[in-house]
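Q: Pasting a structure here, questions to come.
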Amino acid sequence: GAAIQMGGGSDILTNYGYIQGKNGLAIDMGSGDDILRLFGGTVVGTIDGGTGTNTLETQGTQVIQAGQLSNFQKFHVESGSTTFNYALGTVNSVQIDSGASLRVNGNFGTSGDLTVNGTLAVASNDAFRTITVAGNYTQGANGVLEARVGTNGQGDKLEVTGTATLAG
């Protein structure tokens with residue numbers, strides 16, 4: 001089982017510390033419409049939102065070391081700095097608030113919208129990444145998209161299926 005296993009129902013889990021899944025699964029939110037609040041600390045292992053409509057909120061300095069993020073319909077970086085030290089995969093929607101930053105050290109995508117009012121930081125490794133947005137990309141007046149640019153046309157890519165709106 002998971003280091004933290006929630007049950008059925010609409011759960012709210014708030015964590016300010018260190019969670020490590022000994023078998024690879026750190027947090028399993030179970031069934032129901034859940035909210036996971038990671039407000040500073042480190043998570044090592046997979047984070048599974050389970051069934052239902054689930055939200056991940058981050059604040060403070062939050063690092064997710066290994067595993068994968070699955071079954072979250074909304075991912076909201078409210079403040080501080082959140083880092084995924086792996087490719088994130090696909091989440092439904094991502095929102096980065098003003099003053100907040102998100103760093104994903106690998107590819108990721110959204111099946112919905114990506115809203116950047118803070119900073120979408122460049123990966124900390126030397127690899128190029130692709131960010132795929134199936135919905136709309138909106139960058140606010142204070143939003144920053146950092147990208148790595150290399151030689152011979154290589155570089156980070158932002159691929160948007162919907163509309164890209166850049167304010168400012």
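Q: Which whole number in µm²/s is D for the range 10-83 by Stokes-Einstein, with the Kirkwood Rh taken over Cα pairs at 20 °C and 1.002 mPa s? Walk me through the numbers on the way to the answer.
A: Details: Rh = 11.9 Å.
Answer from the Stokes-Einstein relation: 180 µm²/s.
Q: Once phi is turned into θ = phi - 60°, what whole-Hz ³J(HN,Hα) does the Karplus curve with 6.51, -1.76 and 1.60 give for every residue of the range 113-130, x standing for Gly and Pro?
A: In residue order, the calculated couplings are 9, 10, 10, 10, 10, x, 10, 9, 7, 5, 4, 7, 8, 8, 6, 7, 10, 10 Hz.
Q: Regarding the chain, what whole-number volume in Å³ per residue does the convex hull of its Cα atoms give?
A: 98 Å³
Q: While we're looking at this one, here's another question. Can you list the residues, at least 5 places off or on another chain, whose amide H is less than 5 Å from the amide H of Gly32, using H built in the peptide plane?
A: Long-range HN contacts for Gly32: Gly9, Thr51, Gly52.
Q: Checking a compactness column here: for the range 87-168, what do you get for Rg(Cα) / (2.2 N^0.38 Å), N being the number of residues? Write out the running numbers ahead of the final one.
A: On the way: Rg = 11.9 Å, N = 82, 2.2 N^0.38 = 11.7 Å.
That works out to 1.02 for the range 87-168.
Q: On the full set of protein chains, 1.4 Å probe, figure out the accessible area of Asp97 and give it in Å² to the nearest 10.
A: Approximately 40 Å² for this residue.
Q: At a probe radius of 1.4 Å, what is the per-residue accessible area of Glu146, in Å² to the nearest 10?
A: Only protein atoms counted, so the area is about 70 Å².
Q: Follow-up question, since we're still on this one. Give the long-range amide H neighbours of Tyr86: residues separated by 5 or more places, or on another chain, with amide H under 5 Å away, using H modelled in the peptide plane at 1.01 Å from N.
A: Under 5 Å from the amide H of Tyr86 lie the amide H atoms of Asn105, each far enough along the sequence or on another chain.
The values are calculated or read from the model by the stated rules, or taken from the named source; none is laboratory data. Since we're looking at a predicted model, the values are computed, not measured. What goes into the accessible areas is simple: the full protein's heavy atoms, side chains included, and nothing from ligands, DNA or RNA. Shrake-Rupley method; radii C 1.70, N 1.55, O 1.52, S 1.80 Å.
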